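Worksheet: the structure to be examined is printed underneath.
The values are calculated or read from the model by the stated rules, or taken from the named source; none is laboratory data. These figures come from a predicted structure and were not determined experimentally. Glycine gets a Cβ as well: all are built from the backbone with ideal geometry, and neighbour counts include every protein chain shown.
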Amino acid sequence: MKRTSTTIVMLALIALVVLFERGQLPGLVQAPSTSGTLARAYAQRWEDVQVQGEGRVVRVLTDDNDGSRHQRFILDVGGGQTVLVVHNIDLAPRIDALRSGDRVAFYGEYVWNERGGIIHWTHHDPAGRHVDGWLEHEGRRYQ
């Protein structure tokens, strides 16, 4: 009996690891390592995966004011990969002092695209149905 229980637990753990590696456990933070996680997310075309990390701002873009307003900027997250951050400024404060070269930490949802990916949901969810995200810049958290 004990051997059967151990086997079932081991098989369940193996299944969880496989799903984790494939990015098929929605809402789960894959790992805090920015370049490794995002490189894997890009290579495997992950979507809707919570990620945490940081990067260096390489370009500050104009705000997207069509519909919900979003502050947009491109982060170099290491390993030659960049991501577009789209931060909803109708739900969270904008980072007014953001400049190229600045470091920004993030916790949000990654969505694959051919340019490296997008990070969004970097704010709280007023409806409480999504994991709250955030950005950090110069010691201040924006959520």
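Got a number for residues in the stretch 97-121 being of a type in the set (D, E, K, R) and either within 12 Å of the chain's Cα centre (by Cα) or modelled with pLDDT under 95 (or both)? If you could, list the steps in order and put the result at the bottom.
If we filter the stretch 97-121 for residues that are of a type in the set (D, E, K, R), which is where we start, we get 99, 102-103, 109, 114-115.
Filter once more, so that each one left must be either within 12 Å of the chain's Cα centre (by Cα) or modelled with pLDDT under 95 (or both): 109, 114-115.
Residues flagged as of a type in the set (D, E, K, R) and either within 12 Å of the chain's Cα centre (by Cα) or modelled with pLDDT under 95 (or both) within the stretch 97-121 amount to 3.
Here is a yes/no grid of residues against (1) in contact with a Lys or Arg (Cβ under 8 Å, 6 or more places away or on another chain); (2) at pLDDT 90 or above:
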{"site": "10", "(1), (2)": "no, no"}
{"site": "13", "(1), (2)": "no, no"}
{"site": "18", "(1), (2)": "no, no"}
{"site": "26", "(1), (2)": "no, no"}
{"site": "30", "(1), (2)": "yes, no"}
{"site": "48", "(1), (2)": "no, yes"}
{"site": "59", "(1), (2)": "no, yes"}
{"site": "63", "(1), (2)": "yes, yes"}
Looking only at the stretch 71-81, and only at residues there that are surrounded by fewer than 21 Cβ atoms within 10 Å (Cβ to Cβ) and at pLDDT 95 or above, the one that is farthest from residue 118 (Cα to Cα)
76
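When you scan the stretch 121-139, do you find a residue that is on the phi > 0 side of the Ramachandran plot, surrounded by fewer than 18 Cβ atoms within 10 Å (Cβ to Cβ) and part of a strand (DSSP E or B), even just one? Steps first, answer last, please.
Taking the stretch 121-139 and keeping what is on the phi > 0 side of the Ramachandran plot, we get 121, 128, 138-139.
Narrowing the set further to residues that are surrounded by fewer than 18 Cβ atoms within 10 Å (Cβ to Cβ) leaves 128, 138-139.
From what's left, part of a strand (DSSP E or B): none.
Checking the stretch 121-139: not a single residue is on the phi > 0 side of the Ramachandran plot, surrounded by fewer than 18 Cβ atoms within 10 Å (Cβ to Cβ) and part of a strand (DSSP E or B).
Go through the residues of the stretch 72-79 one by one and say whether even a single one is in contact with a His (Cβ under 7 Å, 6 or more places away or on another chain) and either within 9 Å of residue 55 (Cβ to Cβ) or not aromatic (Phe, Trp, Tyr) (or both). First the steps, then the outcome.
From the stretch 72-79, those in contact with a His (Cβ under 7 Å, 6 or more places away or on another chain) are none; that's our starting set.
No, the stretch 72-79 contains no residue that is in contact with a His (Cβ under 7 Å, 6 or more places away or on another chain) and either within 9 Å of residue 55 (Cβ to Cβ) or not aromatic (Phe, Trp, Tyr) (or both).
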Say whether the condition of being free of Cβ contacts under 8 Å to residues at least 40 places away in the same chain and in contact with a His (Cβ under 9 Å, 6 or more places away or on another chain) is met by at least one residue in the stretch 90-102.
yes
Go over the candidates 109, 114 one by one and state the one that is free of Cβ contacts under 8 Å to residues at least 12 places away in the same chain and on the phi < 0 side of the Ramachandran plot.
114
Take residue 87 and decide whether it is farther than 16 Å from residue 46 by Cβ, touching an Asp or Glu at 6+ places or on another chain (Cβ under 8 Å) and modelled with pLDDT of 95 or more.
no
Restricting to the stretch 103-135, what's the tally of residues that are touching a His at 6+ places or on another chain (Cβ under 8 Å) and of a type in the set (D, E, K, R)?
3
When the stretch 49-72 is checked residue by residue, the ones that are farther than 26 Å from residue 127 by Cβ and not hydroxyl-bearing (Ser, Thr, Tyr) are 54, 55, 56, 57, 58, 59, 60, 61
